[in-house]
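Right, one structure below, let's go through it.
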Amino acid sequence: MTKCIVCNTAIPMEFDINHIFSKNKVICEHCIEKAYRLETRRCPTCHKKLTEDETVCLDCQFLSQYFEPFNHIFFVSDYDEWIKAQIHRYKSDGDILLSKYFATCLLKNYPKSFFYKYDYVIPIPSSIERQKLRGFRHVETILEEAKIKYESILVAKHRMKQSELSKIERIHQDNPFTIDCEKEAILKDGMHILLIDDIYTTGLTAHHAQKVLLHKKKLNIDMLAFARV
Ligand SMILES: [Zn+2]
Ligand SMILES: [Zn+2]
């Protein structure tokens with residue numbers, strides 16, 4: 001009997017002929033279904049849930065003063081208490097096995113063919129200090145688990161935790177990203193790029209990453225986040 005790596009409950013064995021030779025599942029259906037998007041009124045650009053009296057998304061309005069908009073923003077799941085707890089287990093407690101969970105949910109919503117449309121899939125990195133502390137690169141590890149090819153072109157400088165800064169401080173802060181100069185030459189005008197991060201909150205981090213890339217070439221950039229706050 002296999003147990004689900006996320007919730008630790010037993011996964012029933014499937015005894016039909018098609019499953020005898022396939023690998024045992026390690027994540028139960030219940031956990032996979034918990035990564036979901038609520039059907040509700042959302043910002044057409046960034047998919048933020050809008051309250052009843054909101055007609056425009058204030059985040060998008062604010063960002064449009066400083067940044068180009070993304071072509072498309074995609075996400076896998078709402079950032080509810082349950083997803084928040086799993087991301088915490090993965091990133092802060094270092095339960096690296098959960099990369100299988102995020103990879104499974106990612107591919108369920110965006111099959112491999114979705115990623116083939118892009119010239120490059122580029123993860124948004126954490127700072128080197130935080131990566132060292134964690135011992136693994138959290139977005140890359142999920143992409144490897146999902147067998148999605150990526151290029152780590154962006155490098156994060158050391159920065160204060162975003163939550164410790166006000167919105168205006170964050171805008172005027174230097175861009176926290178640079179481009180790995182050894183890989184810069186792979187970018188060409190007109191390329192389609194997909195940026196990937198784990199959580200999309202106000203979109204400021206994603207737009208900073210996008211700005212660094214757009215500064216180099218005329219690129220068509222989409223954004224995909226695992227969880228949308
Ligand atoms: Zn489970
Ligand atoms: Zn928006």
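The values are calculated or read from the model by the stated rules, or taken from the named source; none is laboratory data. Source: prediction; values computed, not measured. As a convention, Cβ positions derive from the backbone with ideal geometry for all residues, glycine included, and neighbour counts pool all protein chains shown. Areas reflect the complete protein model, heavy atoms only, side chains present, ligands, DNA and RNA absent. Shrake-Rupley method; radii C 1.70, N 1.55, O 1.52, S 1.80 Å.
For the stretch 34-228, the Cβ-based charge dipole about the Cα centre amounts to some 320 debye (Lys, Arg positive; Asp, Glu negative; other atoms uncharged).
For the cross-link pairs 34/149; 167/211; 117/216; 108/218; 91/149; 34/147, the ones whose C-alpha atoms lie over 24 Å apart are 34/149; 108/218. Once Lys and Arg get +1 and Asp and Glu get -1 on their Cβ, which of 150, 86, 176 lies farthest toward the positive end of the dipole of the chain? Sorting the options by dipole projection puts first 150.
Length gained on full extension, residue 51 to residue 132: 25.2 nm, using 0.36 nm per residue less the C-alpha separation.
Shown are 150, 118, 66, whose ranking by accessible area with a 1.4 Å probe and every protein chain present, most to least, is 66, 150, 118. Stretching the chain fully between residue 93 and residue 216 yields a gain of 40.6 nm (0.36 nm per residue, less the alpha carbon separation). What does the accessible area of residue 181 come to, in Å² to the nearest 10, when a probe of 1.4 Å is used? Per-residue accessible area (residue 181): approximately 100 Å².
With a Förster radius of 41 Å, plug the Cβ-Cβ distance of residue 114 and residue 174 into 1/(1 + (r/R0)^6) and report the FRET value to the nearest 0.05.
Details: r = 33 Å, r/R0 = 0.81.
Here the calculated transfer efficiency is 0.80.
For the set 95, 78, solvent exposure ranked by accessible area (probe 1.4 Å, protein chains only) runs largest to smallest as 95, 78.
So, with a 1.4 angstrom probe, what is the percent of accessible area on the chain that is carbon and sulfur?
On the chain, the fraction of accessible area on carbon and sulfur atoms equals 54 percent.
With the charge dipole of the chain set up from +1 on Lys and Arg Cβ and -1 on Asp and Glu Cβ about the Cα centre, the Cα lying farthest toward the positive end among the listed residues 61, 187, 26 is that of 187.
Take residue 97: with every protein chain present and a 1.4 Å probe, its accessible area is about 90 Å².
Counting only heavy atoms of the protein chains and using a 1.4 Å probe, residue 72 has close to 100 Å² of accessible surface. Which aspartates and glutamates have a Cα lying under 14 Å from the Cα of residue 217, excluding residues fewer than 8 positions away in the same chain? The qualifying aspartates and glutamates are 68, 119, 184, 189. With semi-axes defined as the square roots of five times the eigenvalues of the C-alpha gyration tensor, the equivalent ellipsoid of the stretch 34-228 measures 22, 22, 19 Å, largest first.
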